[in-house]
Amino acid sequence: MVPYEPTSWTEERMTARVRFGRTYLGDRAAVHGGALSLLFDEILGRFANHGREGARTARLQVEYRKVVPLDRDLEVEAWVSDQQGRKLTIAGRLTDGDHTLAEAEALFVVLREGQP
């Protein structure tokens, strides 16, 4: 897992600080894209399940905007962008100051009672 530290967490939005160390090195001193997908799956999934019935990831889409630097404090945030019945869409963004480094959107399906 990518270590992160929540800084704010409500039913509507969460933010966290994240720092990618050398373990997440991709090519040319940048964070590996797979580590970004892992981060978003973890953050958006935890947020989708926070204070709600359990939910499972049905789809995760990540858009890589800029190179993500190593050994730098970054901010990741997540919010509910849509909900229709059992379908819950969570969006997220990884930023370095005013610069958006990556964005994600995930579709979660809320489990029925008793569903594993």
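What follows draws every value from the coordinates through simple rules; no lab data is involved. Because the structure is predicted, anything quoted here is derived from the model rather than measured. Quick reminder, even Gly has a Cβ in these numbers, built from the backbone with ideal geometry, and neighbours come from all protein chains shown.
Which whole-angstrom value gives the distance between the alpha carbon centres of segment 48-81 and segment 1-41?
Taking the Cα centre of each part, segment 48-81 and segment 1-41 sit 8 Å apart.
Would you calculate, for the chain, the mean residue ellipticity at 222 nm contributed by helices, counting each DSSP H stretch of 4 or more residues as -39,500 (n - 2.57) and dividing by all residues, to the nearest 500?
That comes out to -5000 deg cm²/dmol.
Tell me which residues come under 5 Å, amide H to amide H, from F20 once H is placed; ignore anything under 5 positions away on its chain.
When sequence neighbours closer than 5 places are left aside, the close amide H contacts are D71, R72.
Tell me the angle of helix 33-49 to the major Cα principal axis of the chain, expressed in degrees between 0 and 90 and rounded to the nearest ten.
That works out to roughly 30 degrees.
Work out from phi, with θ = phi - 60° and the Karplus expression 6.51 cos²θ - 1.76 cosθ + 1.60, the ³J(HN,Hα) of each residue of segment 89-102, listed in order in whole Hz, and give x for Gly and Pro.
Those phi angles translate into 9, 10, 10, x, 8, 10, 10, 10, x, 8, 9, 7, 8, 7 Hz.
Please sort by residue number the trypsin sites (Lys or Arg not before Pro) in segment 7-61 whose DSSP state is loop and whose Cβ has at most 12 other Cβ atoms within 10 Å.
Passing sites in segment 7-61 are R28.
Using modelled backbone amide H atoms (1.01 Å from N, in-plane), which distant-in-sequence or interchain residues come within less than 5 Å of V2's amide H?
Distant-sequence amide H within range of V2: zero hits.
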